[in-house]
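The values are calculated or read from the model by the stated rules, or taken from the named source; none is laboratory data. Predicted model only: the values in this text are computed from it and were never measured. Every residue, glycine among them, receives a Cβ derived from its backbone with ideal geometry; neighbour counts consider all protein chains shown. Side chains are part of the model used for accessible areas, which takes the heavy atoms of the whole protein and leaves out ligands, DNA and RNA. Shrake-Rupley method; radii C 1.70, N 1.55, O 1.52, S 1.80 Å.
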Amino acid sequence: MDNICVVTGGGSGMGLETAKILGKNHKIILVGRTVSKLDNAIKELKDLGIDAEAFPGDASDRESVKKLVEYAKSKGNVKTVIHAAGVSPHMADAEKIFTINAVGTINIDEEFAEVMNEGSCILNVSSMSAYMLPEANVPKEVYKLSLKDVDAFKAAANQMLQSVPQEQATGMAYTISKNFVTWFTSRMAVRCGKKGIRVVSISPGTFKTPMGEVEGEEAASFALRGAMGRLGEPEEIAKMMAFMVSDECSYLCGVDILYDGGSVSAMRAMQEDMQ
């Protein structure tokens with residue numbers, strides 16, 4: 001049977017670049033909500049000689065994810081899942097940001113974990129924004145609701161987001177949702193590890209991707225003030241993601257890799273120097 005790699009948000013950016021690497025030894029299924037973007041990405045992969053196909057779907061819709069899982073399973077052994085789908089503060093309102101980023105991760109991880117075998121890996125894409133949330137402000141009691149009742153989790157999160165001014169809500173939704181991704185990854189790793197399924201996450205800094213362009217000058221300036229003083233290239237993080245899910249990383253589990261060119265380190269150093 002073919003080894004299958006499912007890439008959500010694979011129509012462009014780091015998801016597509018990772019698919020180009022993993023397509024050397026996987027059949028690729030790209031998932032996204034914009035069919036035209038998927039079609040262009042599939043053509044690009046096929047031009048490289050990669051066996052790839054598209055599956056239009058929405059990670060934040062549980063029924064859509066279940067259909068995706070059934071389809072992927074029918075194509076072969078689901079060896080790798082790259083969950084790169086997500087939206088930034090400039091792309092949606094607070095509730096939608098949280099639903100897509102946080103609930104989408106729950107849906108993808110839980111449904112695929114049911115059909116994946118020993119030696120497989122799920123990689124969730126978070127963000128360096130996850131590291132901007134002070135530990136004292138991490139709403140872990142809200143996070144814990146996700147393990148038992150996703151609807152209660154969404155309701156509690158929305159109540160939390162509605163308690164802040166509207167102009168702050170989208171940024172807060174993004175930061176908390178991405179922090180949740182790293183937290184949920186560690187919990188899923190514990191749940192799946194004994195079955196031989198690794199679950200890991202990566203927190204990108206600012207890269208030269210369509211989402212990076214949407215974020216604009218503010219995100220770019222943060223990267224330029226970072227330790228390396230530049231934006232990242234999509235190929236750079238794609239290589240890291242491909243390595244993390246490979247058999248060479250067979251003992252990497254339950255952790256997040258901050259891959260930001262030293263942006264968070266520079267920010268923390270500046271804060272400490274100002275104290």
TM-like helix rule applied to the chain (DSSP H, alpha carbon span at least 15 Å on the long axis, mean Kyte-Doolittle at least 0.0) gives 150-162, 210-224, 234-245
Put +1 on the Cβ of every Lys and Arg and -1 on every Asp and Glu Cβ in the stretch 160-224; which of T170, P210, G193 then has its Cα farthest towards the positive end of the dipole? G193
In this structure, the FRET efficiency calculated for V35 and D93 from their beta-carbon separation, with R0 = 25 Å, to the nearest 0.05, is 0.60
For K75, the aspartates and glutamates lying under 13 Å Cα to Cα, once residues fewer than eight places off in the same chain are dropped, come out as D2, D51, E53
Ordering Y174, Y143, Y71 from largest to smallest accessible area (1.4 angstrom probe), what's the sequence? Y71, Y174, Y143
Quick one: compute the contact order of the stretch 125-275, relative version, from alpha carbon pairs under 8 angstrom and 6+ residues apart, as a percent. 29 percent
Nearest-0.05 FRET efficiency for N137 and Q166, computed from C-beta distance (R0 25 Å): 0.80
Where a ≥ b ≥ c are the square roots of the eigenvalues of the C-alpha gyration tensor, would you call the stretch 121-275 rounded, which needs a/c under 1.5, or, failing that, prolate if a/b is larger than b/c, or oblate? oblate
What is the percent of Cα-Cα separations in the stretch 198-275 that go past 20 Å? 40 percent
Based on the mean of other beta carbon atoms within 10 Å per residue, what is the order of 224-232, 8-16, 27-35, most packed first? 8-16, 27-35, 224-232
Calculate, for E248 and D273, the FRET efficiency according to 1/(1 + (r/R0)^6) with r their C-beta to C-beta distance and R0 45 Å; round to the nearest 0.05. 0.70
Can you send over the carbon and sulfur percentage of the accessible area for the stretch 3-274, probe radius 1.4 Å, protein chains only? 50 percent
What percent does the relative contact order of the chain come to when contacts are Cα pairs within less than 8 Å and at least six residues apart? 20 percent
How far, in nm, would the chain grow between K43 and E235 when pulled straight, counting 0.36 nm per residue and subtracting the alpha carbon separation? 67.3 nm
With N residues in the stretch 3-274, Rg(alpha-carbon) / (2.2 N^0.38 Å) equals 0.95
Report the extension gain between M1 and K73 in nm, rounded to one decimal, defined as 0.36 nm multiplied by the number of residues separating them, less their alpha carbon distance. 24.9 nm
Diffusion coefficient in µm²/s returned for the stretch 57-208 by Stokes-Einstein, Kirkwood Rh over C-alpha pairs, 25 °C and 0.890 mPa s, is 156 µm²/s
Unit charges on C-beta of K, R, D, E only; dipole of the chain, Debye: 640 debye
